[in-house]
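Asks: Have a look at this one before I ask anything.
The values are calculated or read from the model by the stated rules, or taken from the named source; none is laboratory data. Nothing here was measured: the structure is a model prediction, and the numbers come from that model. Cβ placement follows ideal geometry from the backbone for every residue including glycine, while neighbour counts extend to all protein chains displayed. Ligands, DNA and RNA are stripped out before the accessible areas are found, and what is left, the full protein with its side chains, is counted by its heavy atoms. Shrake-Rupley method; radii C 1.70, N 1.55, O 1.52, S 1.80 Å.
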Amino acid sequence: MNQALELATQALFLSNPNPRVGCVLTAPNGEVIGQGFTQQAGGPHAEVMALRDAASRGCDTRNATAYVTLEPCSHHGRTGPCCDALVQAGVSKVVASLGDPNPLVAGHGFERLRAAGVEVVVGPGAEASRELNIGFFSRMIRGTPWVRLKMAASLDGTTALNNGTSQWITSAAARADGHAWRARACALLTGIGTVLDDNPRLDVRDVPTPRQPHAVVVDSRLETPPDANILIAGRACYIYAAGQNDLKKETALADRGATVVHLPNAHGKVDLRAMLQDLGRRGINELHVEAGHKLNGSLVREGLVDEILLYVAPRLLGPGRGIADFGPLTSLADGLALEFKSVDPVDKDLRIVARVQGRDRF
């Protein structure tokens, strides 16, 4: 199962919006005869890749055991049911990390395997598999993506000087590491302030990736320029607005491949919770946020953030823009409670992953 989990990590940048799954096939004597991981959406899943690998080696899959990091699917989507493929291959035992939360599967894969006489064992590697697919579980169970807020700051918490200067607080190595976190996400989100001030591309450049995440802009007054760098040919871009429809602006943005979605709240701003629900319906598992302190603060204040990805540089910058503007608070007990998941050096900087307490209990 550890080998299957290692294979699943190879789908980290590849399989969205499908889960990251690995599969290892062993002969009755324990010899590995096939292995694979889930390919791009519409491509074969891990089990089929492992069966193909076994066939290419000339190995007999009858009475084999399949170690797979998620319940084999049981429905017809862009590919056929993996549970049927395992049965047809003569596999006699399936060891799975945990069940698939997709309502179209949700135990039916295990049922069909058992009905066909296949022994099913569930549990080994469950925690690691769920963590690898935290965004997929979030979308299937909560209906919204896993929201990860990424920031780079000085040791005293400054993300930009008062004049807006922020390039570069952290090292090139930290920026490349941040791009790896971008690459694993389904979509990258920023606010209109960042679009107008920095005109970012908000894509993955510093690490190899087989796909570019979608772009998302929170833009209440629909101010995104049609020539903005974030509008990259061939990449989906969702712009969430709150004002009245402006056909001329929307047509110009649509010509650049953008989709404008109007989701106003009672205050004339974008309804951020409704935005996350809409992104969930669009198949977004992990939403990687790189925005300014105002939008960060709004997401924190509304309880929509699941995890913080923070790069800390060993320098002091004094007064400037902070990480998230959501106060002021009157009690320490009102602060956002986090738990450290990891603290690791990246070149001369530190990378901190901190999760909002209890957010992964769904």
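Asks: Say whether the condition of being part of a loop (DSSP other than H, G, I, E, B) and acidic (D, E) is met by at least one residue in segment 163-179.
Replies: Residues of segment 163-179 part of a loop (DSSP other than H, G, I, E, B): 163-171.
After this cut, where a residue has to be acidic (D, E) as well, the list is none.
No, that holds for no residue.
Asks: If you go through segment 171-187 one residue at a time, how many are farther than 20 Å from V261 by Cα and buried (at least 18 other Cβ atoms within 10 Å of the Cβ)?
Replies: 9
Asks: Another question, then. Quick check on this structure: which one of A252, A258 is in contact with a Leu (Cβ under 7 Å, 6 or more places away or on another chain) and in contact (Cβ under 8 Å) with a residue 24 or more places away in the chain?
Replies: A258
Asks: What number of residues in segment 116-140 are in a helix (DSSP H, G or I) and open to solvent by less than 20 Å² (accessible area, probe 1.4 Å)?
Replies: Number of matching residues: 6.
Asks: In segment 188-213, which residues are crowded, with 17+ Cβ neighbours inside 10 Å and in contact with a Phe, Trp or Tyr (Cβ under 7 Å, 6 or more places away or on another chain)?
Replies: T209, the sole residue that qualifies.
Asks: While we're looking at this one, here's another question. Kindly establish whether G268 is in contact (Cβ under 8 Å) with a residue 12 or more places away in the chain, at positive phi and open to solvent by less than 30 Å² (accessible area, probe 1.4 Å).
Replies: no
Asks: Turning to a different aspect of this structure: Test of understanding: among T79, T144, T69, T65, which residue is hydroxyl-bearing (S, T, Y) and open to solvent by 30 Å² or more (accessible area, probe 1.4 Å)?
Replies: One residue alone meets the criteria, T79.
Asks: Next question. Taking the condition over 25 Å from A228 (Cβ atoms), basic (K, R) and surrounded by 14 or more Cβ atoms within 10 Å (Cβ to Cβ), does R282 pass?
Replies: Here the answer is no, as R282 does not meet what is asked.
Asks: Something else now. Sort through T61, T79 and tell me the only one that's part of a loop (DSSP other than H, G, I, E, B), in contact with a Gly (Cβ under 8 Å, 6 or more places away or on another chain) and under 30 Å from A236 (Cα atoms).
Replies: None of the other options fit; the residue is T79.
Asks: Right, something else. A41: touching a Cys at 6+ places or on another chain (Cβ under 6 Å) and either open to solvent by less than 50 Å² (accessible area, probe 1.4 Å) or without any contact (Cβ under 8 Å) to a residue 24 or more places away in the chain (or both), yes or no?
Replies: No; evaluated as a whole, the condition is false for this residue.
Asks: Take A242 and decide whether it is free of Cβ contacts under 8 Å to residues at least 40 places away in the same chain, under 23 Å from Q39 (Cα atoms) and open to solvent by less than 30 Å² (accessible area, probe 1.4 Å). Before the answer, list the steps.
Replies: Working: free of Cβ contacts under 8 Å to residues at least 40 places away in the same chain: yes; under 23 Å from Q39 (Cα atoms): no; open to solvent by less than 30 Å² (accessible area, probe 1.4 Å): yes.
Judged against the criteria, A242 is not a match.
Asks: Mind listing just one residue for me: the one in segment 90-110 that is assigned to a loop (DSSP other than H, G, I, E, B) and open to solvent by 50 Å² or more (accessible area, probe 1.4 Å) and, of those, farthest from C59 (Cα to Cα)?
Replies: Taking the candidates together, the pick is P103.
Asks: Okay, next question. Residues that are farther than 28 Å from A152 by Cβ and out of contact with any Cys (no Cβ under 7 Å at 6 or more places or on another chain): list the helices (runs of 4 or more DSSP H) wholly contained in segment 210-305 that include at least 2 such residues.
Replies: Numbers: elements: 247-255, 272-281, 293-301.
Hits in segment 210-305: 247-255, 272-281.
Asks: So if I check each of R361, R351, R321, which one is open to solvent by 20 Å² or more (accessible area, probe 1.4 Å) and touching a Phe, Trp or Tyr at 6+ places or on another chain (Cβ under 8 Å)?
Replies: The unique qualifying residue is R351.
Asks: Looking at (1) closer than 18 Å to R281 by Cβ; (2) surrounded by 20 or more Cβ atoms within 10 Å (Cβ to Cβ), which is the only condition L113 fails?
Replies: Condition not satisfied by L113: (1).
Asks: Picking from D349, D334, D306, which residue would you name as being touching a helix residue (DSSP H, G or I) at 6+ places or on another chain (Cβ under 7 Å) and of a type outside the set (A, V, I, L, M, F, W, C)?
Replies: After ruling out the rest, the residue left standing is D349.
Asks: Could you list, in sequence order, the residues of segment 21-45 that are within 20 Å of the chain's Cα centre (by Cα) and among the hydroxyl-bearing types (S, T, Y)?
Replies: If the condition is that a residue be within 20 Å of the chain's Cα centre (by Cα) and among the hydroxyl-bearing types (S, T, Y), then T38 is the only one that fits.
Asks: I've got another one for you. Within segment 5-20, take every residue that is aliphatic (A, V, I, L, M), under 16 Å from E131 (Cβ atoms) and in a loop (DSSP other than H, G, I, E, B) and give me the one that is nearest to the chain's Cα centre (by Cα).
Replies: L12
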